[in-house]
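Student: Below you'll find the structure I mean.
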Amino acid sequence: AVRIATGARIPPDTTAVIRSEHARESGSQLYATRPVTTGQDIRPRGQECRSGDALLPAGSLVTPAVLGLAAAAGYDELVTRPRPRVEILVLGDELLTEGRPHDGLIRDALSPMLGPWITRIGAEVVSTRRLGDDPAGAEALFQAVSVFQAVSGSTADLVVTTGGTASGPVDHVHPVLERAGAELLVDGVAVRPGHPMLLARLGDRTDGRHVVGLPGNPLAAVSGLLTLAEPLLRALAGRRQRPRYAVPVQGDVPGHPYDTRLVPVLLTDEHAVPLRYNGPAMLRGVAAADALAVVPPHGARSGQELEVLDLPWAAGGCFT
């Protein structure tokens, strides 16, 4: 017998290893305190994989564990798909960037929220810009041209706009997309909040860029982020979609007469607990939530299982 360190290469013709805690020494004699079997505590080559095995399927997310596996298998580099690039355009003349709301002006709640949110779901935010919209004819045309130039000249894979997706006098997103020759893939969704959201494609199917138009109300914008922007960004990055699952709801949840509702919920060990402050302009509920519950038209009864859409911070970890 010879001494060997844990993890060291075994000497030639070795048939077993005895752990020091499973043996005792007396002079030049070694005594095993339990039976010794051939191959004991020896890691053979090829134990985890064989030559030519696919260690992971193509398109797997490169996590820290994947980096460790690649290094252990002798890879110095990995071929990966780049993160989708996103430009954020926040539309509105009534938005303040500091201080409290006053005199009909409100704080821009979307700029601080969208960038970290989109980064967390795996994209690179190249810029966040604020663009105005004035109801006067000339000013409205000027702002529409500004948005058009931003959309058409962007190098981003995805342009996310906020506000201006409805049909009001200062809602310029639809006219701008029409002038840009965009193809509307989704023009409104039967969901509350968030029904004016849209998805469009600029260019052809293989080399085109996309536009996600989010409503200006904060919780409505969150609905669009989860249901349009995140699935699109996952597809652009070659990632599989989130697994779908359902949780029984605690208490009755009122529904919309004909649209689906997305309601902030807190997830316990057994239930999804609906939270208050779930109006389209509110963020207090979703700030305390783990997920949004998908409530069918006419509502849900207590104990009914509802699909839930996890919020990106539900898994914990550092967010910003």
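The values are calculated or read from the model by the stated rules, or taken from the named source; none is laboratory data. Remember, predicted model here, so these are calculated numbers, not experimental data. Neighbour counts are summed over all protein chains in view; Cβ atoms, including those assigned to glycine, are modelled from backbone coordinates with ideal geometry. Areas reflect the complete protein model, heavy atoms only, side chains present, ligands, DNA and RNA absent. Shrake-Rupley method; radii C 1.70, N 1.55, O 1.52, S 1.80 Å.
Student: Of the conditions (1) more than 29 Å from Ile106 (Cβ to Cβ); (2) open to solvent by 40 Å² or more (accessible area, probe 1.4 Å); (3) among the small types (Gly, Ala, Ser), Ala190 fails just one. Which one is it?
Tutor: Tallying (1) more than 29 Å from Ile106 (Cβ to Cβ); (2) open to solvent by 40 Å² or more (accessible area, probe 1.4 Å); (3) among the small types (Gly, Ala, Ser), Ala190 fails exactly one: (1).
Yes/no per residue for (1) open to solvent by 10 Å² or more (accessible area, probe 1.4 Å); (2) closer than 30 Å to Arg85 by Cβ; (3) modelled with pLDDT of 95 or more:
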position: Gly238; (1), (2), (3): yes, yes, no
position: Arg242; (1), (2), (3): yes, yes, no
position: Ala272; (1), (2), (3): no, no, yes
position: Met282; (1), (2), (3): yes, no, no
position: Pro296; (1), (2), (3): yes, no, yes
position: Glu305; (1), (2), (3): yes, no, yes
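Student: Of the residues Thr38, Thr80, Thr15, which is part of a loop (DSSP other than H, G, I, E, B), outside the structural domain of Val159 (by the TED database) and within 30 Å of Ala229 (Cα to Cα)? Steps first, please.
Tutor: Values: Thr38 fails: within 30 Å of Ala229 (Cα to Cα); Thr15 fails: within 30 Å of Ala229 (Cα to Cα).
Only one candidate passes the filter, namely Thr80.
Student: Turning to a different aspect of this structure: In this structure, does Gly216 turn out to be part of a loop (DSSP other than H, G, I, E, B), open to solvent by less than 60 Å² (accessible area, probe 1.4 Å) and modelled with pLDDT of 80 or more? Full working, then the answer.
Tutor: Working: part of a loop (DSSP other than H, G, I, E, B): yes; open to solvent by less than 60 Å² (accessible area, probe 1.4 Å): yes; modelled with pLDDT of 80 or more: yes.
Yes: the conditions hold for Gly216.
Student: Still on this structure, please answer the following. Working carefully through the options Val286, Val247, Val263, Val222, find the one that is assigned to a strand (DSSP E or B) and touching a helix residue (DSSP H, G or I) at 6+ places or on another chain (Cβ under 9 Å).
Tutor: Numbers: Val286 fails: assigned to a strand (DSSP E or B); Val247 fails: touching a helix residue (DSSP H, G or I) at 6+ places or on another chain (Cβ under 9 Å); Val222 fails: assigned to a strand (DSSP E or B).
That would be Val263, the only listed residue that is assigned to a strand (DSSP E or B) and touching a helix residue (DSSP H, G or I) at 6+ places or on another chain (Cβ under 9 Å).
Student: I'd like the residue in region 284-294 that is open to solvent by 50 Å² or more (accessible area, probe 1.4 Å) and not charged (D, E, K, R) and, out of all such residues, is nearest to the chain's Cα centre (by Cα).
Tutor: Filtering region 284-294 for residues open to solvent by 50 Å² or more (accessible area, probe 1.4 Å) gives 284, 287-288.
Keeping just the survivors that are not charged (D, E, K, R) gives 287-288.
Details: Ala287: 16, Ala288: 18 Å.
Ranking the candidates gives Ala287 first.
Student: Looking at region 94-112, which of its residues are among the hydrophobic types (A, V, I, L, M, F, W, C) and in a helix (DSSP H, G or I)? Steps first, answer last, please.
Tutor: From region 94-112, those among the hydrophobic types (A, V, I, L, M, F, W, C) are 95-96, 105-106, 109-110; that's our starting set.
Of everything in region 94-112, just one residue is among the hydrophobic types (A, V, I, L, M, F, W, C) and in a helix (DSSP H, G or I), namely Leu110.
Student: If I filter region 89-128 down to residues being open to solvent by 70 Å² or more (accessible area, probe 1.4 Å), in contact with a Lys or Arg (Cβ under 8 Å, 6 or more places away or on another chain) and in contact (Cβ under 8 Å) with a residue 12 or more places away in the chain, which single residue comes out as nearest to Leu283 (Cα to Cα)?
Tutor: The extreme case among them is Arg107.
Student: Out of Leu69, Leu61, Leu55, I need the residue that is open to solvent by less than 80 Å² (accessible area, probe 1.4 Å) and not in a helix (DSSP H, G or I). Which one? Full working, then the answer.
Tutor: Numbers: Leu69 fails: not in a helix (DSSP H, G or I); Leu61 fails: open to solvent by less than 80 Å² (accessible area, probe 1.4 Å).
Only one candidate qualifies: Leu55.
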